[in-house]
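Student: Before I ask anything, here is the structure I am working with.
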Amino acid sequence: MNAAPPSRALRAGALLVSGIINLGGALGVLFLMTGSASDARVAATWSLVQFLSGVWAGVLGANSPFIHGLVAGLPALVLGLVIASPLPPQFVIVAWFLAPSAALVAAMVMRFMRRRGA
């Protein structure tokens, strides 16, 4: 029996879940936190949103976690650059790279756990 080669295409489910996490978190940070929280707390929450969306992109985007992470971080990147906030644009751009990094780490952990038989 010949198994089909792994697909390198984007998975819609992975992008949907990670995109919703990213978009919802970014909107929450931009509209709910900017008036009441300090700039440091807003930046930390922004980074956490990027990280969480990247983890889910890596977990669900089986064979191409890096690309899924890049695409998953796009909604927050666009919102962070378009909507005025206490976050400087260079921080928003650098924080975008947390999503693909987290996706790669999540994919590595999943592959390690699968190989161990856990």
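Student: Cβ-Cβ below 6 Å, separation at least six or inter-chain, first residue in the stretch 74-103 and in contact (Cβ under 8 Å) with a residue 24 or more places away in the chain, second in a loop (DSSP other than H, G, I, E, B) and small (Gly, Ala, Ser): which pairs?
Tutor: The qualifying pairs are 96/73; 99/73.
Student: Can you go through 11, 41 and tell me which one is open to solvent by 50 Å² or more (accessible area, probe 1.4 Å) and at pLDDT below 90?
Tutor: The match here is 11.
Table: residues versus (1) at pLDDT below 90; (2) open to solvent by 20 Å² or more (accessible area, probe 1.4 Å); (3) over 19 Å from residue 96 (Cβ atoms).
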{"residue": "19", "(1), (2), (3)": "no, no, no"}
{"residue": "26", "(1), (2), (3)": "no, no, no"}
{"residue": "37", "(1), (2), (3)": "yes, yes, yes"}
{"residue": "50", "(1), (2), (3)": "no, no, no"}
{"residue": "56", "(1), (2), (3)": "no, yes, no"}
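Student: Taking the residues in the stretch 59-118 that are open to solvent by less than 50 Å² (accessible area, probe 1.4 Å) and hydroxyl-bearing (Ser, Thr, Tyr) as candidates, determine which candidate is nearest to residue 26 (Cα to Cα).
Tutor: Here the residue is 85.
The values are calculated or read from the model by the stated rules, or taken from the named source; none is laboratory data. Everything quoted here is computed from the prediction, not taken from an experiment. Reconstructed Cβ throughout: ideal geometry from the backbone, glycine too, with neighbour counts over all protein chains shown. For accessibility, only protein heavy atoms count, side chains too; no ligands or nucleic acids. Shrake-Rupley method; radii C 1.70, N 1.55, O 1.52, S 1.80 Å.
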